[in-house]
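Asks: Pasting in a structure now, in structure tokens, and then I'll have a few things to ask.
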Amino acid sequence: MTGLPSILAGVFAYAAVVLTMGSYSAWAGGIALSLLMIPVVMLTAEEAIKMVPQAMKDAALGMGCTPSQSMVKVVLPVAMPGIITGVVLAVARAAGETAPLLFTALFSEYWLQVNHPTASLAVLIYNYSGMPFENQIELAWTASLVLVLMVLVLNIVSRIIGRRKHV
Amino acid sequence: MDTAPLATSDAPIDDMAPGDVVLDCQADQIHYGDFLAVRDSHVPIRKNQITGFIGPSGCGKSTVLKSINRMNDLIRGFRFNGQVHFHGMDIYDKKVDPVSVRRNIGMVFQQPNPFSMSIYENVAFGLRLNRFRGNIAKKVEKALRGAALWDEVKNKLKNNGLSLSGGQQQRLCIARAIATEPQVLLMDEPCSALDPIATRQIEELMVQLKERYTVAIVTHNMQQAQRVADQTAFFAVDISKGGRTGYLVEMAPTAHLFENPKQKLTKEYLQGEFS
């Protein structure tokens, strides 16, 4: 699933959400992006859960935890920094996606509305960079910088969260 | 979850005198898949005594111990033929929930394995799991004192349990196990990952623990069994049928077993002729 072309996620969300709801919307864009995020989040979460030592899981069972209690009380708290790291990285990746939004959230010159076409930085860059006016091209460059900085900040945050573990 | 009747507080076990059999483990056959790991091992565990399990590697002593609180259920292919009598019932009975067995029979593992949470929360874990409604702080202190760890950690109860030394971690695990006051405490080579000083502390602790609990311990170390155990069970490996099947050779009060073993095999093992 990690290799899924992002444009296909957009096409899927177009068929599943835009056609059924009858309009482009932020919802559809969100669903398309979350489809792209799921494999990344799943892989990192699986790794983080596998990293929890078997000895600790044995201890939980030995104390009389049911398997689900062991998961909730012992395994997840230990794995949480790793899981959150994965989520933050996936958000950072999704923030830069353009293709899936072209069929779903589309674009709007106005303020955010979840049930209507909505602007996103990535699509804004795409649209404005093709415009003939110097102004809009400069805006596209600025938006690129903002996007890069956001992704950088998210990456730094994920590093900080990932470092806090005691295993 | 709390369905099995094991947890009753007025259980007849409290009326038993020290030395009575509280838990009678009759392991006729223990399989992992097609592999017969243990056969014909009958180990009675006596109240307020330490029962030591000794024997060469792969003789099934840990397998028998872990069968007592059904820790092996999680291993794929595990099958237990036999009975473990506890509180007048068989803990392998279909009606018995393994989770409640484990809440009544505590376990300390080979590797110290505290949870990645504060020292206090480690000890309070079992109490919270059992929805204990009384004064948790008092119980935690009592368990930590019981595990001879209180003085070392009383000023840093909020620190992570994993920040302690190996020996302290193992005592923390003992405190965690005794916080819920289990009737039987199983220890699977609790000192094998520890240095000699920490080992001595744990051994002294075990002798104190038997005043209030019933302890069964697997050990690699014959001297350790000699120092702490009241009863000792000697297991060996039978390779006659192709596999490596462990079985109980002899069980007796420790002094008898070491000074006057009835079986030739026991004698050879104790004299260090094989290990």
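The values are calculated or read from the model by the stated rules, or taken from the named source; none is laboratory data. Remember, predicted model here, so these are calculated numbers, not experimental data. A quick note on method: Cβ atoms are made from the backbone with ideal geometry, for glycine too, and the neighbour counts reach across all protein chains shown.
Asks: Could you list, in sequence order, the residues of the range B:87-103 that are away from chain A (no Cβ under 14 Å) and either closer than 15 Å to B:LYS66 by Cα or β-branched (Val, Ile, Thr) (or both)?
Replies: Of everything in the range B:87-103, just one residue is away from chain A (no Cβ under 14 Å) and either closer than 15 Å to B:LYS66 by Cα or β-branched (Val, Ile, Thr) (or both), namely B:TYR92.
Asks: Could you say whether any residue in the range B:118-139 is in contact with a strand residue (DSSP E or B) (Cβ under 9 Å, 6 or more places away or on another chain) and closer than 26 Å to B:VAL64 by Cβ?
Replies: Yes, some residue in the range B:118-139 is in contact with a strand residue (DSSP E or B) (Cβ under 9 Å, 6 or more places away or on another chain) and closer than 26 Å to B:VAL64 by Cβ.
Asks: Looking at the range B:213-222, is at least one residue in contact with a Pro (Cβ under 8 Å, 6 or more places away or on another chain) and assigned to a strand (DSSP E or B)?
Replies: yes
Asks: Scan the range B:170-209 for residues that are in a helix (DSSP H, G or I), among the polar types (S, T, N, Q) and either closer than 14 Å to B:GLN49 by Cα or within 14 Å of another protein chain (Cβ to nearest Cβ) (or both) and jot them down. Please lay out each step first, then the result.
Replies: Initially, the range B:170-209 is screened for residues in a helix (DSSP H, G or I), giving B:170-178, B:196-209.
If we keep only those that are among the polar types (S, T, N, Q) too, we end up with B:170, B:199, B:201, B:208.
Once the filter is applied, which keeps residues that are in a helix (DSSP H, G or I), among the polar types (S, T, N, Q) and either closer than 14 Å to B:GLN49 by Cα or within 14 Å of another protein chain (Cβ to nearest Cβ) (or both), the range B:170-209 yields B:GLN170, B:GLN208.
Asks: Let me ask another. Surrounded by 20 or more Cβ atoms within 10 Å (Cβ to Cβ), touching a residue at least 12 places away in the same chain (Cβ under 8 Å) and either within 14 Å of chain B (Cβ to nearest Cβ) or in contact with a Cys (Cβ under 9 Å, 6 or more places away or on another chain) (or both): which single residue out of A:ALA9, A:ALA59, A:ALA13 fits that description?
Replies: On the way: A:ALA9 fails: either within 14 Å of chain B (Cβ to nearest Cβ) or in contact with a Cys (Cβ under 9 Å, 6 or more places away or on another chain) (or both); A:ALA13 fails: either within 14 Å of chain B (Cβ to nearest Cβ) or in contact with a Cys (Cβ under 9 Å, 6 or more places away or on another chain) (or both).
Step by step, each of A:ALA9, A:ALA59, A:ALA13 is checked, and only A:ALA59 is surrounded by 20 or more Cβ atoms within 10 Å (Cβ to Cβ), touching a residue at least 12 places away in the same chain (Cβ under 8 Å) and either within 14 Å of chain B (Cβ to nearest Cβ) or in contact with a Cys (Cβ under 9 Å, 6 or more places away or on another chain) (or both).
Asks: If you take the residues of the range A:109-120 that are surrounded by fewer than 17 Cβ atoms within 10 Å (Cβ to Cβ) and within 28 Å of A:LEU89 (Cβ to Cβ), which of them is modelled with the highest pLDDT?
Replies: Taking the range A:109-120 as the starting set, the residues that turn out to be surrounded by fewer than 17 Cβ atoms within 10 Å (Cβ to Cβ) are A:109-116.
Subsequent filtering for residues that are within 28 Å of A:LEU89 (Cβ to Cβ) retains A:112, A:114.
On the way: A:LEU112: 73, A:VAL114: 76.
Among them, the one singled out is A:VAL114.
Asks: Oh, and also: Just to be sure before I move on: is A:VAL72 among the hydrophobic types (A, V, I, L, M, F, W, C), touching a residue at least 24 places away in the same chain (Cβ under 8 Å) and out of contact with any Leu (no Cβ under 8 Å at 6 or more places or on another chain) in the structure I sent? Step through it out loud before you land on a result.
Replies: On the way: among the hydrophobic types (A, V, I, L, M, F, W, C): yes; touching a residue at least 24 places away in the same chain (Cβ under 8 Å): no; out of contact with any Leu (no Cβ under 8 Å at 6 or more places or on another chain): yes.
For A:VAL72, the condition - among the hydrophobic types (A, V, I, L, M, F, W, C), touching a residue at least 24 places away in the same chain (Cβ under 8 Å) and out of contact with any Leu (no Cβ under 8 Å at 6 or more places or on another chain) - is not met.
Asks: Filter the range A:76-89 down to the residues that are within 14 Å of chain B (Cβ to nearest Cβ) and buried (at least 21 other Cβ atoms within 10 Å of the Cβ), then identify the one that is farthest from A:VAL148 (Cα to Cα). Break it down stepwise before answering.
Replies: Start the filter on the range A:76-89 by keeping residues that are within 14 Å of chain B (Cβ to nearest Cβ), which leaves A:76-82.
Next, from what is left, pick out any that are buried (at least 21 other Cβ atoms within 10 Å of the Cβ): A:78-79, A:82.
Working: A:VAL78: 31, A:ALA79: 28, A:GLY82: 23 Å.
Among those residues, the one meeting the criterion is A:VAL78.
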